[in-house]
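Engineer: Structure incoming, see below.
The values are calculated or read from the model by the stated rules, or taken from the named source; none is laboratory data. As the structure is a prediction and not an experimental result, all values here were calculated from the model. Cβ atoms come from the backbone with ideal geometry, glycine included; neighbour counts cover every protein chain shown. SASA here: full protein model, heavy atoms, side chains in, ligands and nucleic acids out. Shrake-Rupley method; radii C 1.70, N 1.55, O 1.52, S 1.80 Å.
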Amino acid sequence: MKAEIFRGDKLRIARLLKGLSQKELGDKVATSRQFIHQLETEARSPADDIIEAFCEILQVERSFFYQPIGNDVKPEQCHFRKRRTTQVGLVYRVLAYSTIFEELVSYLNDFLDLPQPEFPTIEHQKEPYSNLEIEQAADICRTKWKLGLDTPISNIARVLENYGVIITQFRGVSEKVDALSVNRRFPIIIRNSAKESICRLRFDLAHELGHFVLHDGVETGEPTTEAEADKFASAFLFPRIAFQKEFPSFRGKRLNWDLIYRLKMRWGLSAKAIIYRAHYLGLIDAIQYRSANVLLNKTGQSKVEKFDDQIKPEEPELLTNALKVMKNERGITPSQIAKCLGIKPELLSEIIGIEIPSDPTVSNIIPLFRRKFI
Amino acid sequence: MYMIGYNQSNEIRCQWEIPIEEMVPFALTLVDPIEPQPVELPPAPVSIKKSYRVTRENNES
C-alpha cells in the first residue's frame, strides 16, 4: 500500500492563512524555524505529535496535510490597491486565503448551480484607457446587465452576486486593505466591512468590478490602474447620462448642498464622489470643486458624511444562501463541509466571515440536570 | 456627442457616440420629468444541481 505523503505546500498555506512566520509557528510547536522550512520543502517528514500540534494551532484536520492543492492563486491574479506598499506577509496571507476559499467555492459548485460570471468584453488596444473608453465600458456593463443608464442601483452587492461574483470578508485581511479582488474561475471580492460609510462600501465593490471588466490579466495596484477602476466605479454607479439630467446647474453660483445630499441618498454615492464626478464631467469649475472639498473636510466629513446612516446597508447573501441550500436540500452542514475541506469549523467560519452553529451531537450521555426528571 | 434610441418598452435600441476633441461628452436626451426608480434585483439564485435532484427523487420513490 502506498504511504501517504505529508504535503509541505499545504503546511505553508495553513501557516500563511494564520498570518504566522516560520519562526512563529516553530515557537508554538517547540521546534526551530529551520525544521518548519524543511517540512514545507518536504526535505523532512513530521512525527505524529507535531502534526497534531499543527492541527490544533492552524485549525485544520490531519487530512488537510495529505490532500493536494487544487490550484493555488498567483500574485498577479489579485488586485491590491497599493501593490508596492502592501506588506509581503499580507500578500501571502491573501493568496493562501484565496486558495482555500476557492476550494470551498469549487466544492459548493459541485453540488449547486451558482450564478456564472458574466462580464462584458471590452475591446481595448492600448494602455492606459481614455476617460471616454472607461465611461463606455461602464455603460456597456450596465446595458449587458439590463440595469439601464439612468437608474440608481439599490443594492450593488446583489447585482455583483447575480453576475457571478462572490463577496466575502476575512477579518485577518479586510481591516488592512480597502478591498481587494481575485479574478479566477470564481471572481472573489474581499471587502472591508469595518468601514462605517455604506457609500464607500458600495464604491469599493464597483471599483473591484472595474478591475474585473478593465484589467483581466493586467497587473494592477499602480496609480493608473487604480484611477481607472475609480473612474469606472463612478461611471457605473452614476452614469453620465443620468448625471447630466439630474445634477443641478451651479455655473457661477454657490453649490446647493441640499440638492447634492438628495442625489447622494438617491444614488448611494458619497457627496465627495458626486462633487468629484461633477468636476470630472465639467459641470463645476476648479474653484467650486476645491471649495466643496474644503467644506467637507472642515465639517468632519472626509470619511463619514452626513446621511451615511440613512443609506441601506448591503450584506452579501450568496454564500449564506448557498450554505442554507446545502443544509436544507442535501443535509450537508457547514461543519461537514469544513471536514471535507480538511479544516475545522472555526476556521471555515473565519474564512467566510459567517458564524457557523455547531452540529448537534448524537449521544447517549444524559446531562445530570435532566436525569432527575426521568 | 452621445445619443441613445429607446423603443416603447424603454429598451435601448441604438447608441451613437461621436467624440468631440478630448472631452468626455454627455448624452443628449429629452429631460424626463419623472425620475426613474432604482433598479431592484432579487437575491442571486442558488439551487441544487439537477443531477443531485434526480438522485434524491429516485431515492425517495
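Engineer: I'd like to check something: does segment A:72-81 contain any residue that is aliphatic (A, V, I, L, M), in a loop (DSSP other than H, G, I, E, B), more than 14 Å from chain B (Cβ to nearest Cβ) and touching a strand residue (DSSP E or B) at 6+ places or on another chain (Cβ under 7 Å)?
Structural biologist: Going through segment A:72-81, the residues aliphatic (A, V, I, L, M) turn out to be A:73.
This time we only want the ones that are in a loop (DSSP other than H, G, I, E, B), so: A:73.
Now narrow it down to the ones that are more than 14 Å from chain B (Cβ to nearest Cβ): A:73.
Keeping just the survivors that are touching a strand residue (DSSP E or B) at 6+ places or on another chain (Cβ under 7 Å) gives A:73.
Scanning segment A:72-81, I find at least one residue that is aliphatic (A, V, I, L, M), in a loop (DSSP other than H, G, I, E, B), more than 14 Å from chain B (Cβ to nearest Cβ) and touching a strand residue (DSSP E or B) at 6+ places or on another chain (Cβ under 7 Å), so the answer is yes.
Every residue, every condition in (1) surrounded by fewer than 19 Cβ atoms within 10 Å (Cβ to Cβ); (2) away from chain B (no Cβ under 14 Å); (3) without any contact (Cβ under 8 Å) to a residue 12 or more places away in the chain, yes or no:
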site: A:Val88; (1), (2), (3): yes, yes, yes
site: A:Leu95; (1), (2), (3): no, yes, no
site: A:Leu108; (1), (2), (3): no, no, no
site: A:Ile140; (1), (2), (3): yes, no, no
site: A:Lys144; (1), (2), (3): yes, no, no
site: A:Ser154; (1), (2), (3): yes, no, no
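Engineer: Let me spell it out: the conditions are (1) open to solvent by 30 Å² or more (accessible area, probe 1.4 Å); (2) more than 14 Å from chain B (Cβ to nearest Cβ); (3) in a helix (DSSP H, G or I), and A:Glu329 meets all of them except one. Which number is the exception?
Structural biologist: Every listed condition holds for A:Glu329 apart from (2).
Engineer: Continuing with this model, one more query. Report, by residue number, each residue of segment A:173-201 that is modelled with pLDDT under 80, assigned to a helix (DSSP H, G or I) and not β-branched (Val, Ile, Thr).
Structural biologist: Passing the criteria: only A:Ser174.
Engineer: So, one more: Please go through segment A:161-176 and give me each residue that is within 9 Å of chain B (Cβ to nearest Cβ) and either within 25 Å of A:Leu263 (Cβ to Cβ) or surrounded by fewer than 19 Cβ atoms within 10 Å (Cβ to Cβ) (or both), ordered by number.
Structural biologist: Passing the criteria: A:Asn162, A:Gly164.
Engineer: Filter segment A:181-205 for residues that are among the hydroxyl-bearing types (Ser, Thr, Tyr), under 18 Å from A:Ile352 (Cβ atoms) and either without any contact (Cβ under 8 Å) to a residue 24 or more places away in the chain or out of contact with any His (no Cβ under 6 Å at 6 or more places or on another chain) (or both) and give the result. If you could, list the steps in order and put the result at the bottom.
Structural biologist: In the first step, residues of segment A:181-205 are kept if they are among the hydroxyl-bearing types (Ser, Thr, Tyr); the result is A:181, A:193, A:197.
If we keep only those that are under 18 Å from A:Ile352 (Cβ atoms) as well, we get A:181, A:193.
Hit for segment A:181-205 is A:Ser193, nothing else.
Residue-wise test of (1) in contact with a Lys or Arg (Cβ under 9 Å, 6 or more places away or on another chain); (2) buried (at least 20 other Cβ atoms within 10 Å of the Cβ); (3) within 14 Å of another protein chain (Cβ to nearest Cβ).
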site	(1), (2), (3)
A:His207	yes, yes, no
A:Phe212	no, yes, no
A:Thr224	no, no, no
A:Leu259	no, no, yes
